[in-house]
1. In nm, to one decimal, how far is the residue 146 label point from the residue 173 one, both placed 7 Å along Cα→Cβ?
2. How do 281, 225 rank when sorted from fewest to most other Cβ atoms within 10 Å of their own Cβ?
3. What shape does the stretch 116-175 have by the C-alpha gyration tensor, where a ≥ b ≥ c are the square roots of the eigenvalues, rounded means a/c under 1.5, and otherwise prolate means a/b greater than b/c and oblate the rest?
4. Based on the mean of other beta carbon atoms within 10 Å per residue, what is the order of 195-202, 282-289, 242-249, most packed first?
5. Return the FRET efficiency for the residue pair residue 82, residue 305: r is the Cβ-Cβ distance, R0 is 41 Å, and the value is rounded to the nearest 0.05.
6. On a C-alpha basis, how far is the centre of the stretch 6-52 from the centre of the stretch 305-343 in Å? Whole number, if you could?
7. For residue 154 and residue 29 in the same chain, what is the full-extension length gain: residue separation times 0.36 nm, less their Cα-Cα distance, in nm?
8. Hey, fewest Cβ within 10 Å first, where do 77, 253, 162 land in order?
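What follows is calculated from the coordinates using simple rules that are stated; it is not laboratory data. Keep in mind it's a predicted model, so treat the numbers as computed, not measured. Here the Cβ positions follow ideal geometry from the backbone for every residue, glycine too, while neighbour counts run over all protein chains shown.
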Amino acid sequence: MLRITRGEESKLTSWYFEIDRRLLGLILLLVAVGVITMFTAGAAQAAHMNPPRPWFYFIKKAFPAYVVGLGCLFGFSMLNKQKVIKISVLGAIIGILGLLLTVIHPVRMKGSARWAHIGGFGFMPADVLKPAFIVLTAWFLAKMRSVFGENMFLNKQAWKFSWLSWWPFLILFALCSLIIFRHPDVGTATLYVCVLFIMTLVAGIPLKFMPAMCGVLASLGLLAYLSNSHIRDRAMHMFSVEPRSQVWYSLNSIRHGGLFGSGDEAYVKDVLPESTNDFVYSAIAEDWGAIIACALVVLLFMVINNLINHALHAKDRFVLYAITGTAALFGGQICFNLMTALHLFLNKGMTLPFISYGGVSFISFCVLFGMILALIREDTWNK
């Protein structure tokens, strides 16, 4: 039997002993849940498509994304900090060009122009941009702190327009957020603003800036309500559930699952829209029951708890900010998805990380966590 020992000097053995195997194991467990759900909920959804598809339809479509995503998860976790930053710059360029493409040549799907199409391949630039946004924002905050000190938010020099100052970063962030907002993709735009707020809060932003940040979020919500009839209609029905709507099916799917699940008798998920994507949690609850569904929530928050523990012990501020942003993004997207399924918030159309069907979203989270695993490994073991 092959046994790897610490005495063996190779990049692979160093990676094996230095990587956070607990965090990696939790991620792989979430991926396994997603694969199982793709077989169960995906088979039911495929059978009710027009025309009907074979039971393996969704798992077949998702297979390339699983291969690429897991390859990125393991491959990027072996990189060093400098390579992570360089790849993030490339990801930012691709994501920003994709956002510009949605403005120049918008392609509307399900009422939103958030997809970019190149050579027959479609992707959501807002998802592609997420890993780069976290890493480069963390780098920017750490660089600003090293140049302008702890008072970087109030230092007048930091607000003078230069390549390293607040204005270029905020202008670029605002432009990207407005494009995402206008798709319309209010949920993702709000998520970006919230993540930035949390990262700057950890970086030491004075509390007197909080009303301004909250005002930005409130303004986004008000603007979305006034400018988009679809969002306005959803907001008007927030406290009621229309029969045979997406949320109505979602809630009934959860109720039908009971404590221990319906198993082969599950039938609501057969007509549940997006049962492998936006409402995948409802399908899991119907199949496996409330106990397993709650255990899944615990598993998701175990990942967040692991990230927070690493953030508390980070030696490098860049790593601290990157882990904080990852935890905020991961946790925020989980909350949006679950609150939508449970009718606690407007339907925002966000995936459940590592579990929902969605190639670009899955790959983006694999890239992000691969980078974070690499940064944690380097920060933990480097003297």
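1. Simple spin-label model gives 2.0 nm for this pair.
2. 225, 281
3. prolate
4. 282-289, 195-202, 242-249
5. In this case the efficiency is close to 0.90.
6. Between the Cα centres of the stretch 6-52 and the stretch 305-343 lies a distance of 19 Å.
7. Stretched out fully, the residue 154 to residue 29 stretch lengthens by 40.6 nm.
8. Lowest to highest Cβ neighbour count: 162, 77, 253.
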